[in-house]
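Here's the structure we're looking at; comments come further down.
The values are calculated or read from the model by the stated rules, or taken from the named source; none is laboratory data. Note that the structure is predicted; figures quoted are calculated from it, not measured. Virtual Cβ from ideal backbone geometry, glycine too; neighbours counted across all protein chains shown.
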Amino acid sequence: MMHSEYNYCELVLNGYGGKPRNNVLSISEINRQITGKELVEAYRSHFRFKKDFQDYTKENNSVAGYKGDAYVDYLWVDIDHEDLNKALETAKIYLNRLQLEYDYPVDYLRCFFSGNKGFHIGIPSEAFDLQPGADLPDQCKAIVTNMAGDLGVDLSIFDKTRLFRLSNSKHKKSGKYKVELLPEMLIQCGDISEILAIATTSGNGHRSIDIEEIAGVLSNLVVLTDSQPDQEAQEKPSGSKDRWVTSLLENGLGTGNRTNAVTRLAGFYKSKHIPEDVAFSLIQAWDIAKNTPPLTGDPAWPADKILSTVAGIYKYPGEVEEEKPAIEYHTWQSVHEKAPAYVRKLQDSRVEFGLPKIDRDSSCLGRGEVAILLAYVGVGKTAWAQSVQLKVAENQGIPSILFSLEMTAMRLYFRQLAMMWSISQTTIENDFLHNNQSGYVGNMSHYDNMYVVDYAPMSVPLMTDVIKTAPEPVGLAIVDYVGLLSTEGDRPYDRMTKLSRDLSVMAKELDIALLCIYQTNREGRNGEISLAMARDSGMIEANCDIALGLWIDPADPSQRIIKLLKARHGRAGAEHVLAFTNPSPRLDVVDRGDDDYESSS
């Protein structure tokens with residue numbers, strides 16, 4: 001038992017309201033009193049205390065007003081609702097958020113049906129590196145408030161001397177027991193009646209969890225709560241990389257997007273090593289419960305379509321057998337002989353950003369090189385990436401692929417049309433709604449070499465295969481954004497370091513220009529961006545050839561500043577003012593550059 005000196009709790013047996021309280025005992029004595037007994041309305045302190053809690057209670061004949069230190073074994077989330085099916089749905093959503101947004105393994109949770117109106121979900125306190133203290137209950141309350149977000153949870157359990165129902169205790173009014181449930185069972189449960197049937201008898205056992213494996217997994221939430229108590233405390237921590245999955249599972253989709261969603265979910269579950277049959281059951285249950293209308297039963301969909309889609313994703317080879325590289329020994333003479341061909345190729349394949357001063361000072365982006373864009377949330381990263389892809393197609397004709405890990409191809413298509421025609425997306429959507437879309441296809445052939453891949457559980461090896469098998473040789477690949485790529489590693493630093501290195505290797509291996517979008521840390525939310533603001537790893541800027549920063553112009557929030565932060569083959573420092581070409585979302589240069597600028601195209 002962690003912090004074994006915190007060994008005293010209050011115990012109440014055979015009733016809560018109207019029954020005598022203030023019975024503070026050691027935990028060993030409590031275990032002796034409850035072992036082997038039929039427990040009805042049995043409670044124990046939520047928090048653990050030292051011996052002075054017992055002394056205080058005896059002296060004051062009450063636990064009320066105790067202000068000493070406390071500790072807790074689990075951070076409990078209490079979910080109640082008069083409609084048990086709604087309580088069950090809320091519990092499922094909370095478990096999904098823990099697993100998908102916070103990347104917390106649900107195997108380490110303890111889950112209980114409370115015996116009456118809801119569920120108790122416990123996260124081992126070691127996951128947060130929680131330490132004993134007088135303010136521990138307030139800290140626990142702040143963490144749960146932050147993680148629960150818009151979900152309704154009972155926060156009264158974080159009163160320091162609050163009682164908490166004992167497991168296997170019978171609720172007198174409902175006649176049901178507080179019973180432990182496996183997290184997987186709770187997630188997959190289709191109806192509350194299954195749980196009520198289990199709760200008719202008391203359960204046995206206590207799940208054994210290897211604390212060392214999950215120690216500190218969520219410790220960033222404690223730091224977040226301490227240092228950012230206001231608006232920022234409501235933001236998700238940096239590990240929130242699978243928010244699109246949470247959105248799908250909670251909200252579902254309508255006609256038009258469901259097919260792609262099944263593919264994306266199957267790929268996600270496969271990346272989490274969830275068995276194929278379980279993934280199929282989860283996706284089918286989600287489809288029936290959330291989609292309007294569901295694919296299941298849709299005459300346009302074969303009965304086994306979801307099953308075959310999931311099976312197809314799981315059959316895709318997860319890893320490509322690595323070939324031994326052909327190592328070539330270069331001399332300066334051999335390189336010199338190849339230099340003229342290299343220069344000619346460079347002139348034809350060098351990718352321009354469409355930023356005159358920056359293109360000049362960076363020497364543009366060559367094959368086998370990596371450029372990064374650093375920007376905070378909501379600045380216009382995706383809009384700029386789309387604008388670059390458009391300019392490359394219009395001005396240079398270089399085939400390109402945009403890997404979109406947040407937005408679907410359909411969403412990007414309407415934004416792209418708005419950029420191409422310099423009109424609003426609303427106007428375009430209304431034209432499509434009234435079958436007036438034929439006017440938009442007039443010059444589409446100019447953009448036939450622009451490709452979008454919106455498969456969300458993307459990894460660098462899979463991206464490599466996609467580029468290799470593209471309809472034509474690709475000159476530019478854009479990743480929006482790197483933080484959503486799948487890779488190995490438990491710590492954000494390790495993951496981002498590996499991704500930045502692997503992306504650099506991929507660019508050289510495939511001989512392509514690679515533009516990677518990165519999100520900055522919180523320091524990048526206000527004002528000028530620097531290389532030090534790259535989130536999670538200092539290797540991001542080390543592994544790139546060109547680095548750009550994008551931020552909102554403090555003098556005019558409708559404009560953006562983009563600056564050349566690093567140029568391996570040039571000089572840093574050049575910057576431009578960008579603005580949206582209203583009413584379209586296209587970002588374009590306001591200041592065209594020096595008078596003596598000569599285009600490199």
Kindly provide the set of residues from the stretch 355-368 that are over 28 Å from residue 522 (Cα atoms) and assigned to a loop (DSSP other than H, G, I, E, B), ordered by number.
363, 364, 366, 367, 368
Could you figure out which of (1) at pLDDT below 90; (2) more than 24 Å from the chain's Cα centre (by Cα); (3) within 13 Å of residue 374 (Cα to Cα) isn't true of residue 532?
(2)
So which residues in the stretch 264-311 are over 24 Å from residue 183 (Cβ atoms), at pLDDT below 75 and surrounded by 15 or more Cβ atoms within 10 Å (Cβ to Cβ), if there are any at all?
298, 301, 305
Being at pLDDT below 90, in the same structural domain as residue 84 (by TED's automatic domain parsing), within 21 Å of the chain's Cα centre (by Cα) and over 24 Å from residue 31 (Cβ atoms): is that true of residue 153 here?
no
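Restricting attention to helices (runs of 4 or more DSSP H) lying wholly within the stretch 381-450, give those where 3 or more residues are closer than 23 Å to residue 264 by Cα. Spell out how you get there, then give the answer.
On the way: elements: 381-391, 409-421, 425-433.
Filter on the stretch 381-450 gives 381-391, 409-421.
Going by the conditions given, is residue 175 modelled with pLDDT of 90 or more, closer than 30 Å to residue 284 by Cα and of a type outside the set (A, V, I, L, M)?
Numbers: modelled with pLDDT of 90 or more: yes; closer than 30 Å to residue 284 by Cα: no; of a type outside the set (A, V, I, L, M): yes.
Criteria not met by residue 175.
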Condition first: buried (at least 17 other Cβ atoms within 10 Å of the Cβ) and assigned to a helix (DSSP H, G or I). Now tell me which residues in the stretch 35-53 satisfy that.
53
Flag for residue 205 being farther than 20 Å from residue 9 by Cβ, surrounded by fewer than 19 Cβ atoms within 10 Å (Cβ to Cβ), at pLDDT below 85 and not assigned by TED's automatic domain parsing to the domain that holds residue 278:
yes
Which condition does residue 496 not pass, out of (1) buried (at least 20 other Cβ atoms within 10 Å of the Cβ); (2) touching a strand residue (DSSP E or B) at 6+ places or on another chain (Cβ under 6 Å), if it passes all the others?
(2)
Quick one: in the stretch 514-557, of everything that is within 16 Å of residue 483 (Cα to Cα) and of a type in the set (Asp, Glu), which residue is surrounded by the fewest Cβ atoms within 10 Å (Cβ to Cβ)?
541
Any idea which residue in the stretch 557-572 is farthest from residue 355 (Cα to Cα), counting only those that are outside any strand (DSSP E or B) and of a type outside the set (D, E, K, R)?
557
Determine which single condition residue 494 fails, assuming it passes every other condition in (1) modelled with pLDDT of 90 or more; (2) not in a loop (DSSP other than H, G, I, E, B).
(1)
Identity of the residue in the stretch 378-431, over 26 Å from the mean Cα position of the chain (by Cα), more than 21 Å from residue 464 (Cα to Cα) and of a type in the set (S, T, N, Q), that ends up modelled with the lowest pLDDT:
425
With the structure loaded, tell me whether residue 523 is without any contact (Cβ under 8 Å) to a residue 40 or more places away in the chain, over 14 Å from residue 370 (Cα atoms) and not in a loop (DSSP other than H, G, I, E, B) or whether it fails that test.
yes
Every pair of residues 6+ apart whose Cβ atoms lie under 6 Å, when the first sits in the stretch 379-394 and is closer than 13 Å to residue 584 by Cβ while the second is at pLDDT below 90 and in a helix (DSSP H, G or I)
390/419
Has the stretch 64-77 got any residue that is modelled with pLDDT of 90 or more, hydroxyl-bearing (Ser, Thr, Tyr), more than 43 Å from the chain's Cα centre (by Cα) and assigned to a loop (DSSP other than H, G, I, E, B)?
no
In the stretch 313-336, is there at least one residue being aliphatic (A, V, I, L, M), surrounded by 13 or more Cβ atoms within 10 Å (Cβ to Cβ), farther than 30 Å from residue 460 by Cβ and modelled with pLDDT of 65 or more?
no
Does the stretch 48-55 contain at least one residue that is in the same structural domain as residue 195 (by TED's automatic domain parsing) and either of a type in the set (Phe, Trp, Tyr) or modelled with pLDDT under 90 (or both)?
yes
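Going by the conditions given, is residue 61 in the same structural domain as residue 27 (by TED's automatic domain parsing) and on the phi > 0 side of the Ramachandran plot?
Working: in the same structural domain as residue 27 (by TED's automatic domain parsing): yes; on the phi > 0 side of the Ramachandran plot: yes.
For residue 61, the condition - in the same structural domain as residue 27 (by TED's automatic domain parsing) and on the phi > 0 side of the Ramachandran plot - is met.
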What are the pairs with Cβ atoms under 7 angstrom where one residue, in the stretch 122-151, is under 21 Å from residue 95 (Cβ atoms) and among the basic types (Lys, Arg) and the other, located anywhere, is in a loop (DSSP other than H, G, I, E, B) and at pLDDT 85 or above? Sequence gap at least six, or different chains.
141/155
